[in-house]
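As structure tokens, the structure follows; a few thoughts come after it.
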Amino acid sequence: MKDYSWLSLLLIVVLAACSKPLPELKGVDFESWKTDRYGCAGKREPFIETVRTQKNSLLGLSEMELVTILGNPDRTELYKRNQKFYYYYFQPGKDCKTALPNPLRLSVRFNAVGLAKEVTID
């Protein structure tokens, strides 16, 4: 039998080269973003307008790509027809000691195939 492992390696390299680069949200410090779960420490609040102006660059991303950029969501919600929502709080939510009644959050709605279909700040 012939060894075709080189063909597998070539296929992996070609597929990796064809993948699109992840978008960058310029002006957002993702290290402090990811350490500020639920927005309790107020480290995400300065990025509200920056994210608002660039939020459409997140459209079409898979769930895993979004988690790579923004970290794990603060909340997830499974909706009808296999839609899923990820929420990232800019301001302290109900899980914080200094919770606001209606904190601003980034909401990402994923369609049934797991791609970001809608991105809002509400």
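Just so it is clear, none of the values below were taken in a lab; they were calculated from the coordinates. Note that this is a predicted model, so its numbers are computed, not measured. Backbone-built Cβ (ideal geometry, glycine too); neighbour counts: all protein chains shown.
Before moving on, here are some points about what is shown:
- Projected label points at N102 and R75, each 7 Å from Cα along the beta carbon direction, are separated by 1.4 nanometres.
- Evaluated on segment 23-121, the Kirkwood hydrodynamic radius is 13.5 Å, with distances taken between all distinct Cα atoms.
- Full extension of the chain between E31 and N56 gives 6.9 nm of extra length, using 0.36 nm per residue less the Cα-Cα distance.
- The chymotrypsin sites (Phe, Trp or Tyr not before Pro) of segment 52-122 that DSSP puts in a loop, and whose beta carbon has at most 12 other beta carbons within 10 Å, are Y79.
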